Amino acid sequence: MASFEMKIGLGLSGFGVLFSFLGIIMLFDKGFLAIGNILFVSGVSLTIGPKSTVQFFTKPKNHKGSIAFGIGFFLVLIGWPFFGMLAEAYGFVKLFRGFWPTAAVYLQKSPTFGWIFHHPLVTSLITRFRGRRVPV
């Protein structure tokens, strides 16, 4: 069973994604984007814990992603939402690049989205993507 902090963290992360999405839909509204960023980062830190969060963002392989995400966060806060979101998107992809195959397998097994991931085109793309990964 998940702890109370983890549930709150997942809720904050979800609201962070929602506010970021609303900020993008509303033509890069800096208020929504800033609130979304703050909620997302605080949700991640509550979900995995402060120590693990610091370790995750300071891993040598995550430096580029952390710096890009931090610069994007700063750009959104100072009022340049478009360039901030570009930097954040790059940082997000770099930070969570190891998570995408796990997410793809999870979505393949889900009853809601599984049928999409069993399509031959998507299956070949997932197989090609997995083929490039170096086994850990």
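The values are calculated or read from the model by the stated rules, or taken from the named source; none is laboratory data. From a predicted model like this one, the values you see are computed outputs, not experimental measurements. Every residue, glycine as well, gets a Cβ built from its backbone with ideal geometry; the counts of neighbours run over all protein chains shown. For accessibility, only protein heavy atoms count, side chains too; no ligands or nucleic acids. Shrake-Rupley method; radii C 1.70, N 1.55, O 1.52, S 1.80 Å.
For the stretch 96-113, just list the computed ³J(HN,Hα) in residue order, Karplus coefficients 6.51, -1.76 and 1.60, θ = phi - 60°, integers in Hz, with x standing in for Gly and Pro. Values, residue by residue: 9, 5, x, 8, 4, x, 5, 5, 5, 5, 4, 5, 4, 8, 7, x, 7, 10 Hz. Treating each Cα of the stretch 1-61 as an identical point scatterer and summing with the Debye formula, the log10 of I(q)/I(0) at q = 0.18, 0.28 Å⁻¹ comes to -0.64, -0.97. For Lys59, the lysines whose Cα comes closer than 21 Å to its Cα, not counting residues fewer than 8 places off in the same chain, are Lys51, Lys94. I want to verify a result. In a Gaussian network model of the chain, Cα cutoff 10 Å, which of these has the top mean-square fluctuation: Ala89, Ala34, Ala104? Judging by the Gaussian network model, the answer is Ala104. Multiplying the residue separation of Gln55 and Phe92 by 0.36 nm and subtracting their alpha-carbon distance yields 11.7 nm. Taking the protein heavy atoms of the stretch 9-74 in the context of the full set of protein chains, the accessible area attributed to carbon and sulfur is 81 percent at 1.4 Å.
Sorted from greatest to least, the principal axis extents spanned by the alpha carbons of the stretch 55-126 come out as 43, 27, 20 Å.
Distances between placed amide hydrogens fall under 5 Å for Gly49 paired with no residue 5 or more residues away or on another chain. Solvent-accessible area per residue in the chain equals 69 Å², computed with a 1.4 angstrom probe and all protein chains kept. A helix-only calculation puts the chain at -25500 deg cm²/dmol for mean residue ellipticity at 222 nm, using -39500 (n - 2.57) for each DSSP H run of at least four residues, averaged over all residues. Only Lys, Arg, Asp and Glu carry charge here, each on its Cβ (+1 for the first two, -1 for the last two); on that basis the chain has a dipole of about 660 debye about its Cα centre. Annotation: the chain has a Kirkwood hydrodynamic radius of 16.4 angstrom, from the mean reciprocal C-alpha pair distance.
Projecting the Cα positions of Phe21, Gly70, Leu95 onto the charge dipole of the chain (unit charges on Cβ atoms of Lys, Arg, Asp and Glu, taken about the Cα centre) puts Leu95 furthest along the positive direction.
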